[in-house]
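Please treat every number below as a calculation from the coordinates, not as lab data. In this text, all values refer to a predicted model and were calculated from it rather than measured experimentally.
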Number of protein chains: 2
Amino acid sequence: MTKRGMLIVLSGPSGVGKGTVRKALFDEPDIDFEYSTSMTTRKPRDGEKDGVDYFFVSKEQFEDNIQNGEMLEYAKYVDNYYGTPLKYVNETLESGKDVFLEIEVNGAMQVRANCPDAVFVFLTPPDLMELKHRLIGRGTDDMDVINKRIETAVSEIRMMRNYDYAVLNDEVAKAVERIKLIIRSERLKVTRVMPDYESMLGDN
Amino acid sequence: MTKRGMLIVLSGPSGVGKGTVRKALFDEPDIDFEYSTSMTTRKPRDGEKDGVDYFFVSKEQFEDNIQNGEMLEYAKYVDNYYGTPLKYVNETLESGKDVFLEIEVNGAMQVRANCPDAVFVFLTPPDLMELKHRLIGRGTDDMDVINKRIETAVSEIRMMRNYDYAVLNDEVAKAVERIKLIIRSERLKVTRVMPDYESMLGDN
């Protein structure tokens with residue numbers, strides 16, 4: 001029996017740079033996990049390729065998928081659906097390979113509910129830690145704007161609680177290194193390697 | 001308020017090479033955690049230094065420490081006590097530094113009971129995975145010996161379940177690298193970095 005692969009979920013607040021970090025991660029030479037391409041109903045932008053950037057489908061097709069339980073997670077932004085088809089993820093995990101998802105926070109919480117043993121990485125904005133002092137210190141924003149930004153920061157922190165790891169995106173290369181070491185370390189978890197040892201001594 | 005340090009516990013079956021790996025780990029240039037020296041009632045061997053290899057104390061003193069709740073963990077082997085004084089570990093963690101313990105499996109389970117947020121690393125013997133096939137394959141041991149060794153291997157696997165990570169000690173340098181990456185990755189855990197973010201936005 002092949003040991004099931006590990007599901008790695010990268011998420012974080014919008015604008016934090018999830019896509020940039022994910023692309024830099026997959027440009028690394030020693031990456032041995034698979035990227036799961038998302039599905040969307042929005043139109044391709046210039047240069048975007050079907051099956052590479054997204055699977056581009058019609059609204060009817062996407063809604064069929066939802067109805068048939070074929071989406072691991074999905075969300076609707078403005079008038080378009082975005083989501084992760086379940087089939088590819090499951091087949092890849094079953095084949096023993098690790099799968100990487102880069103998705104929005106709401107989607108990540110759906111994955112958490114369906115796949116509690118996945119690894120959840122929250123990408124944090126570089127200014128989150130300093131936000132408050134910097135906003136007040138520079139004295140240019142009125143308090144309404146500061147309060148709004150602090151409010152957003154606080155709600156981001158609340159989302160972080162549902163994740164396993166927090167990765168600061170101060171520099172893309174550093175964020176990539178942090179994610180790589182998390183993945184290598186997670187592969188040493190007893191819960192993940194136990195089947196190797198058990199199957200070896202399975203007859204005793 | 002200083003964030004409390006992380007407690008890292010290295011253990012494993014006797015003979016696996018815990019001491020060798022620990023020494024090699026602390027010879028690394030970039031180690032920024034503290035080693036907690038054990039206390040024992042056995043006599044120093046040639047070249048062993050009090051306060052370096054062990055704190056060498058009398059049986060009466062050790063038993064006083066146990067009575068006064070001053071031991072994080074302890075065990076008696078043959079006629080001697082071995083254990084970890086609580087005071088140094090607590091003071092170092094409170095000062096924000098990470099502490100590293102290299103202890104026996106029974107002691108590790110006592111630490112697990114007292115400090116559930118510590119990181120537990122189980123060092124596995126290089127032959128555990130291949131043990132069974134190799135023993136049967138070479139055909140030199142009689143089945144009593146093979147069964148005894150398999151039994152030991154199986155009980156080692158049972159101990160592993162109580163740990164967070166399994167590190168194969170196939171080569172000391174590789175085991176050291178694995179432990180280092182576990183520690184770096186654990187420092188990115190949301191549960192550990194959350195206080196940094198919370199204290200920054202504590203007034204909101």
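Here are some notes:
- Considering only A:D46, A:D117, A:D30, the mean-square fluctuation computed in a Gaussian network model of chain A, springs between alpha carbons under 10 angstrom, is largest for A:D46.
- GNM top mover of B:L86, B:L188, B:L72 - chain B, alpha-carbon springs below 10 Å: B:L188
- Evaluated at q = 0.12 Å⁻¹, the base-10 log of the normalised Debye intensity for region B:1-111, with identical point scatterers placed on the Cα atoms, takes the values -0.42.
- Computed over the Cα atoms of the protein assembly as shown, pair by distinct pair, the Kirkwood hydrodynamic radius stands at 24.4 angstrom.
- Of A:K18/A:K174; A:K43/A:K97; A:K3/A:K189, those spanning more than 20 Å from alpha-carbon to alpha-carbon: A:K43/A:K97
- HN-Hα J in Hz across region A:60-71 - Karplus 6.51, -1.76, 1.60, θ = phi - 60°, x for Gly and Pro: 4, 4, 5, 5, 4, 4, 4, 4, 8, x, 9, 10
- Of all beta bridges that DSSP places with both ends in region A:41-187, some 55 percent have antiparallel geometry.
- Longest to shortest principal axis, alpha-carbon extents of chain A, angstrom: 69, 43, 32
- A compact globular protein would have a Cα radius of gyration near 2.2 N^0.38 Å; the ratio found for region A:52-134 is 1.32.
- Gaussian network model of chain B, springs between alpha carbon atoms under 10 Å - residue of B:V119, B:V105, B:V52 with greatest fluctuation: B:V52
- Over chain B, relative contact order from alpha-carbon pairs under 8 Å, at least 6 apart, %: 30
- Helical content alone sets the calculated 222 nm signal of the protein assembly as shown at -13500 deg cm²/dmol, taking -39,500 (n - 2.57) per DSSP H segment of four or more residues and averaging over every residue.
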